[in-house]
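Working notes, beginning with the structure itself.
The values are calculated or read from the model by the stated rules, or taken from the named source; none is laboratory data. What you see is a predicted model; the values in this text were computed from it and never measured. Cβ placement follows ideal geometry from the backbone for every residue including glycine, while neighbour counts extend to all protein chains displayed. To get the accessible areas, we keep the full protein, side chains included, count just its heavy atoms, and leave off ligands, DNA and RNA. Shrake-Rupley method; radii C 1.70, N 1.55, O 1.52, S 1.80 Å.
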Amino acid sequence: MIRLSDIHKYYRSGEQSLHVLKGIDLHIQEGELVSIMGSSGSGKSTLLNILGVLDSYDQGSYALAGHSVTNLRETQAAHLRNKFLGFVFQSFNLLPFKNAAENVALPLYYQGVGRKERNYRAEQYLEMVGLSDRKHFMPNQLSGGQKQRVAIARALVCKPKVILADEPTGALDSRTTQEIMSLFKEVHRLGNTIIIVTHEPDVANQTHRQIYLKDGRVTTADQVHLQHEAVAI
Amino acid sequence: MFDGLQEILYTLRQNKLRTLLTAFGVFWGIFMLILLLGFGRGMQNGVMDDFGSDVLDFIIVWGGDTSVAYRGMGLARHIQLGQADIEAIKNQIPGVRIISGESSTSNGKVTFEGKNSNAGIHGIPDEYFKIKEDVPFNFGRKPNQLDVDEIRKVVVIGTVVAERLFEPGVDPVGQEVGVKDVVMTVTGVFYDKGNRGGNSEQVFMPLSTYRKLYGSGERIDMIWLRPESGVDGFELEKNVLELVKRRHSVAPDDNRGIRSFNMAMPAKRVNGLFTGITVFIWFVGLGTLTAGIVGISNIMIITVKERTREIGIRKALGATPFSIVSTLLLESALVTSVAGYMGLVFGVGLLELIAFGLRSAGAKLPYFMNPEVDFQVAITAILLLIVVGILAGLMPAVRAAKITPIEAMRAE
């Protein structure tokens, strides 16, 4: 589903150049539930941005669902995001002046789906995340956990190939974190590929594979499956 | 399209006051532009009205006293024009459409049943009213060739004279009035609004009758003429003056021996003046409008700044740069054209109200009459608005399209 090979990324500010990603090789298969961990400054957000076609890279190659993601123009990138990717953010990033259902329906608007169909599908996904009774609530009337559920519904509504979550539980208390993780696992069981960036071991341990980033390199992947089982017990 | 509009209305509704104030800038710009243009046109109408019923290309030539010694003749010699001058002009100068002589006495008494009125008494050939072709005849007819040929004792009188002599409701046509103690039949009443009605304080009779009554012989006091269309009036005036001066042995550089007035001169001057005023009005009006548009552009920049995060989210969800740009452009064009259209409607409405007020009050302001705006100008203004609205949104929109989703979502 996702294949990165030898990805390098530099940030330039004036004379100085910061080498953020120093050759990332990564292969994520369809249907995986993966977490990316690392301390701040390890490059995990940069990696997520590249995975999400939100940022470019300087060297290497990236294939998403068989499509090469190289030197895309803005419009192509937008189509790719719309079709293949669903985003969940730490700060939810719901549009404050749209109600829950309208927020969920927004990606469909950019796909050119008709209004009726949009509303119907948005309601379906809201029901799936257990918020069908809140569909007319504005974001500021929802709790953090509810907002994140709306965001997840919005990420799912286009039936994306991959769901990218950037610290999805960073702003939530532990109980809500658990609720959200259960939701992710449920979504995963339905066959979705999910990548979660987090610095919480609790969250990472609930995924099937952890990828550790340190100083712009992948230090360890895999091997964690068993550890996760142990923790779960 | 409908969805797009709804997205725009969402954002406009979020900042009602700001939208309103911004829109007001454009509204005011167009409103002022329309008002200024309307008042400019009102002034033009007023001044043009002051030219009265005169056609704008006539030339008058009359004799004066010489001021330059010439060919052994001294100064202050009075020059009397005559019928022969008219014939000479007719025969020798091309490009004359109509020529007419006029003899007149400035002050004559006209009487009717004990009432009397002073009036200028004029003897004219029938061509005369072709020069005054725009003078309306409210009653009766203009003098004609038969009147001249048969030396009829008929007069046409101006409305001012008619009002003084006749009770309201009495038809002056056919009545017999005394003109300098000679009984004459009124054949028509005209109204010449020149000189604020002063031109209607006149009485016209056939030239032949005038000559017979007052013994003026072949003398002519004033020559009226109009150039053929396409002939330069100033050139014609020069040629006529040259000829008449030669005929009366007046020095070519003597401007007092033979005098002339060319209506084309003030008409040209007034037209030039109004071209200037119109340019000025557009300059001021567009300036005001520009201020409004800069306001829109400014607000759009702020809007984009404020909505950086929102735009970033939309992009992450699959909004293309085109959809971002077009939404913002549409927003700015919508605000501009709605506000501008309101300004147009209010401006035209106020002008109409003023015009209506002036008309119904019967008030006559000096140099101001019937303010109005051309339909064409209104259409131009609307097109201008839409184009400019799009331009105002363009810079901020392009800036918005360049926002990268990551940066946007970092912005807190």
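Structure notes:
- Angle in degrees between helix B:2-14 and the longest Cα principal axis of chain B, rounded to the nearest 10: 90
- Normalised by the number of residues in chain B, the mean separation of alpha-carbon contacts (under 8 Å, six or more apart) gives a relative contact order of 28 percent.
- Dipole of chain A [Lys/Arg +1, Asp/Glu -1 at C-beta], most positive-end residue of A:L72, A:I194, A:N99: A:N99
- In straight-distance terms, cross-link reach from B:K245 covers every one of the aspartates and glutamates whose alpha-carbon lies under 14 Å from its own, apart from those fewer than eight places away in the same chain; here that gives B:D65, B:D85, B:E237, B:D253, B:D254.
- Average Cα contact separation per residue, the stretch A:94-233, under 8 Å, 6 or more apart, as relative contact order %: 19
- Normalising the average separation of contacting C-alpha pairs (under 8 angstrom, six or more residues apart) by the number of residues puts the relative contact order of the stretch B:59-262 at 35 percent.
- Annotation for the B:A interface, with buried accessible surface near 2300 Å², both sides summed [1.4 Å probe; non-protein components not counted].
- The stretch B:355-376 and the stretch A:165-203: distance between their alpha carbon centers, rounded to Å: 75
- Nearest-10 value in Å² for the accessible area of B:T308, using the 1.4 Å probe: 30
- Pairs with C-alpha atoms separated by more than 21 Å, drawn from the list A:K98/A:K135; A:K98/B:K315; A:K116/A:K147; A:K83/A:K214, are A:K116/A:K147; A:K83/A:K214.
- Crossing angle, helix B:321-361 versus chain B [Cα axis fit, 0-90 degrees, rounded to tens]: 30
- Radius 12 Å from Cβ of A:V88, net charge of other residues (Lys, Arg +1; Asp, Glu -1): +1
- Cα lying deepest toward the dipole's positive end in chain A, options A:M37, A:G130, A:V20, charges on Cβ: A:G130
- Spatially proximal lysines relative to B:K115 (Cα-Cα < 30 Å; intrachain offsets below 8 disregarded): B:K132, B:K142, B:K153, B:K180, B:K193, B:K212, B:K364
- Within the protein assembly as shown, helix-based [θ] at 222 nm, where runs of 4 or more DSSP H residues each add -39,500 (n - 2.57), nearest 500: -15500 deg cm²/dmol
- Proportion of all alpha-carbon pairs of the stretch B:59-262 beyond 29 Å (%): 29
- Using the 1.4 Å probe convention, the accessible area of chain B works out to 49 Å² per residue with neighbouring protein chains retained.
- Across all directions, the average projected area of the convex hull around the alpha carbons of the protein assembly as shown is 46.6 nm².
- All other residues whose Cβ lies under 11 angstrom from that of B:T19 are scored, Lys and Arg at +1 and Asp and Glu at -1, for a net of +2.
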